[in-house]
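First comes the structure, then the notes that go with it.
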Amino acid sequence: MPYTRAGQAVARNLGKRWGGSKKGRRLKVTAEQVHVIQRLRAEGVEVAAIGRATGLSRPTIYSVIGLWRHRAAASTAVSSD
């Protein structure tokens with residue numbers, strides 16, 4: 001056990017990191033799909049239809065729409081300051 005901890009300490013000093021992936025869930029949505037979602041939603045197309053057109057689930061579509069709105073609101077807040 002002491003050799004393990006010593007090896008870990010050396011690895012940390014060398015910049016090695018471990019512990020899995022970054023926090024949060026990564027969406028597997030391409031940039032093209034995001035553009036299609038934005039365009040169709042702006043045209044008033046229902047989320048279920050967007051899902052059928054893109055091959056993504058409704059919850060994923062809502063996640064993309066939520067990120068889009070969040071980023072738009074954040075950029076508006078920053079530009080107004």
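Could you go through the range 28-40 in sequence order and give the Karplus-derived ³J(HN,Hα) for each residue, using 6.51 cos²θ - 1.76 cosθ + 1.60 with θ = phi - 60°, rounded to whole Hz, and x for Gly and Pro?
My calculation for the range 28-40 gives 9, 10, 7, 4, 5, 5, 4, 5, 5, 4, 4, 5, 5 Hz in order.
Arg52 to Ala74: extension gain in nm, 0.36 nm per residue of separation minus the Cα-Cα distance?
Answer, rounded to one decimal: 5.0 nm.
Along the range 44-61, what does the Karplus equation 6.51 cos²θ - 1.76 cosθ + 1.60 (θ = phi - 60°) give for ³J(HN,Hα), rounded to whole Hz, x for Gly and Pro?
Couplings: x, 6, 5, 4, 4, 5, 5, x, 5, 5, 9, x, 10, 6, 4, x, 5, 4 Hz.
Read the figures in this text as sums done on the coordinates, not as results from a lab. As the structure is a prediction and not an experimental result, all values here were calculated from the model.
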